[in-house]
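Q: Could you have a look at this structure, given as structure tokens, before my questions?
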Amino acid sequence: RSSTVASLDTDSTKSSGQSNSNSDTCAEFRVKYVGAIEKLKCNESKNLEGPLDLINYIDVAQQDGKLPFVPGEEEFIMGVSKYGIKVSTSDQYDVLHRHALYLIVRMVCYDDGLGAGKSLLALKTTDAASEECSLWVYQCNSLEQAQAICKVLSTAFDSVLMSEKS
């Protein structure tokens, strides 16, 4: 399954995407939560650098039963802004996850391979001390939606990088 379509490597100095002036805006997407693999030691997850490494790791975790293949029924709102990603219940009353922008190491979206046209969005995050990494997996309605999330996130990175330079 080599259908990696969009990937964001936050170590690069400039990700692809146009920065826009209203960078405080938050783009919202409806996603489903598949699961997470939390608290991986970062030195152990060094082999999870490239997009394909992440995809393969998630595949194996699903086959080993550590991650489900399909998410629960509940839809969540994923808000993406220059502060990072917030995943909350559809009434936006409860926050499921917060991923600060500066702790997001990589984002990959790809077809889930189950034939229903759904895509998975995988986030690799680290903790402030860079000792532990986590993988967060969400299901998107389509590849277009997953790519749009990656694009908004890369724009958020660009706007933060631009404001630091000026």
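The values are calculated or read from the model by the stated rules, or taken from the named source; none is laboratory data. As the structure is a prediction and not an experimental result, all values here were calculated from the model. In this analysis, Cβ positions are derived from the backbone assuming ideal geometry, glycine residues included, and neighbour counts consider all displayed protein chains. These area figures cover heavy atoms from the full protein model, side chains too; ligands, DNA and RNA do not enter into them. Shrake-Rupley method; radii C 1.70, N 1.55, O 1.52, S 1.80 Å.
Q: Give the residues of segment 105-136 that are in contact with a Leu (Cβ under 6 Å, 6 or more places away or on another chain) and under 23 Å from TYR83 (Cβ atoms), sorted by residue number.
A: Within segment 105-136, MET107, VAL108, CYS109, ALA122, LYS124, THR125, THR126, CYS133, TRP136 meet the criteria.
Q: What about THR89, is it without any contact (Cβ under 8 Å) to a residue 60 or more places away in the chain, open to solvent by less than 30 Å² (accessible area, probe 1.4 Å) and over 24 Å from LEU40 (Cα atoms)?
A: Details: without any contact (Cβ under 8 Å) to a residue 60 or more places away in the chain: yes; open to solvent by less than 30 Å² (accessible area, probe 1.4 Å): yes; over 24 Å from LEU40 (Cα atoms): yes.
Spelling it out, THR89 is indeed without any contact (Cβ under 8 Å) to a residue 60 or more places away in the chain, open to solvent by less than 30 Å² (accessible area, probe 1.4 Å) and over 24 Å from LEU40 (Cα atoms).
Q: Keeping to segment 124-134, report how many residues are hydrophobic (A, V, I, L, M, F, W, C) and in contact with a helix residue (DSSP H, G or I) (Cβ under 9 Å, 6 or more places away or on another chain).
A: Going through segment 124-134, the residues hydrophobic (A, V, I, L, M, F, W, C) turn out to be 128-129, 133.
With in contact with a helix residue (DSSP H, G or I) (Cβ under 9 Å, 6 or more places away or on another chain) added as a condition, the list becomes 128, 133.
Result for segment 124-134: 2.
Q: If we keep just the residues of segment 95-147 that are assigned to a loop (DSSP other than H, G, I, E, B) and of a type in the set (S, T, N, Q), which is surrounded by the fewest Cβ atoms within 10 Å (Cβ to Cβ)? Let's see the steps before the verdict.
A: As a first pass, look at segment 95-147 and keep what is assigned to a loop (DSSP other than H, G, I, E, B): 112-118, 127-131, 141-142.
Now drop any that are not of a type in the set (S, T, N, Q), which leaves 130, 141-142.
On the way: SER130: 10, ASN141: 15, SER142: 12.
Filtering segment 95-147 for residues that are assigned to a loop (DSSP other than H, G, I, E, B) and of a type in the set (S, T, N, Q), the one surrounded by the fewest Cβ atoms within 10 Å (Cβ to Cβ) comes out as SER130.
Q: Given the condition loosely packed, with under 13 Cβ neighbours inside 10 Å, under 17 Å from the mean Cα position of the chain (by Cα) and modelled with pLDDT of 80 or more, answer yes or no: does some residue in segment 12-34 qualify?
A: Checking segment 12-34: at least one residue is loosely packed, with under 13 Cβ neighbours inside 10 Å, under 17 Å from the mean Cα position of the chain (by Cα) and modelled with pLDDT of 80 or more.
Q: Moving on. Please find, within segment 59-86, the residue that is surrounded by the most Cβ atoms within 10 Å (Cβ to Cβ) out of those that are of a type in the set (A, V, I, L, M) and more than 18 Å from LEU153 (Cβ to Cβ).
A: Looking at the filtered set, the residue picked out is LEU67.
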